[in-house]
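Chemist: One structure is given below, represented as structure tokens, and several questions about it will come after.
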């Protein structure tokens, strides 16, 4: 069986320096995120904002992975956990600070009776201020969370959601799931990208060397069951040049390093039209990141050129096919 790329598990010490920078950026984005949730309290927009926050966390983690040469999946998961915890923690923290400021402003307007002070005399300003400070000190983060759960999830400013209580926790769990899924997808894909340990660089140059029309299931089976790179380079012959399935041979390589090993993937793309008439493409990788030498890559390129020439010749033969004379009912004239 041919060898495929696997992350080496290494990373540069630079990644440890870049992690705090990414964390600060995520905290700053959390402030913007919670402001967006407050000022645009529409449920569909909230989901969009949550998706954006997840992608932002993913891009922050991707920056650390790429710049820090992280080829370690465990480290990337740890990075994801840190950024998610900081991002959501900062979001709840900023919301608590805003709620506490609003509560303090509200307390400053309350009278002695509204403050719940039962006294025989009217308290002076300083005494009322001390009482307000005591009440404000009792407004803890946990109290803030309890108030939010009890009041319900707001989907419009000044309006309560139709549900409250445990459903609010369900909304927060959904928020966590969206951020972890999309942020984690970006971060893990970055850590699993092919990397040249010899050159110390990412193989982030992707070239589509060939698009092979798939006209029968045998062709797919031949690619999927290949035991060696040579088997992959021995191309199955299509019956025609037109098909709704195409095997795209992609080569991942280090930029400007054509004489070094590269990585071959075969993406089976299936084209179809949806109910709106729009073209959709489904992807299925028959081979993913098989290690190929420079010589094998050159052979693939040569085979692709030969295949293209054969397909062009096939099209030309169809275009130049002679037309048969039309049959008539008349008998040939006799001399």
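The values are calculated or read from the model by the stated rules, or taken from the named source; none is laboratory data. Only a predicted model underlies this, so the values are computations on that prediction, with no experimental measurement involved. Please note: Cβ atoms are built from the backbone with ideal geometry, for glycine as well, and neighbour counts cover all protein chains shown.
Chemist: I'm told residue 57 meets every condition in (1) over 19 Å from the mean Cα position of the chain (by Cα); (2) at pLDDT 95 or above except one. Can you identify the failing condition by its number?
Modeler: Against the list (1) over 19 Å from the mean Cα position of the chain (by Cα); (2) at pLDDT 95 or above, residue 57 comes up short only on (1).
Chemist: Go through the range 287-306 and give me each residue that's in a strand (DSSP E or B) and either on the phi > 0 side of the Ramachandran plot or surrounded by fewer than 19 Cβ atoms within 10 Å (Cβ to Cβ) (or both).
Modeler: The answer is 288, 289, 291.
Chemist: Of the numbered conditions (1) surrounded by 19 or more Cβ atoms within 10 Å (Cβ to Cβ); (2) part of a loop (DSSP other than H, G, I, E, B), residue 264 satisfies every one except a single condition; which is it?
Modeler: (2)
Chemist: Can you name the number of the only condition in (1) under 23 Å from residue 78 (Cα atoms); (2) outside any loop (DSSP other than H, G, I, E, B); (3) in contact with a helix residue (DSSP H, G or I) (Cβ under 6 Å, 6 or more places away or on another chain) that residue 11 fails?
Modeler: Unmet for residue 11, out of (1) under 23 Å from residue 78 (Cα atoms); (2) outside any loop (DSSP other than H, G, I, E, B); (3) in contact with a helix residue (DSSP H, G or I) (Cβ under 6 Å, 6 or more places away or on another chain): (2).
Chemist: Check 41, 20 and return the single one that is farther than 30 Å from residue 233 by Cβ and touching a strand residue (DSSP E or B) at 6+ places or on another chain (Cβ under 7 Å).
Modeler: From the options 41, 20, the qualifying one is 41.
Chemist: Can I ask one more? Of the residues in the range 179-210, how many are in contact with a helix residue (DSSP H, G or I) (Cβ under 9 Å, 6 or more places away or on another chain) and surrounded by 15 or more Cβ atoms within 10 Å (Cβ to Cβ)?
Modeler: Matching residues across the range 179-210 total 15.
Chemist: So which residues in the range 161-213 are without any contact (Cβ under 8 Å) to a residue 60 or more places away in the chain and on the phi > 0 side of the Ramachandran plot?
Modeler: 165
Chemist: Six or more apart or on different chains, Cβ atoms under 9 Å: show the pairs whose first residue is in the range 1-26 and more than 22 Å from residue 200 (Cβ to Cβ) and whose second is modelled with pLDDT under 95 and assigned to a helix (DSSP H, G or I).
Modeler: Partner pairs satisfying both residue conditions: 2/229; 2/230; 2/231; 2/232.
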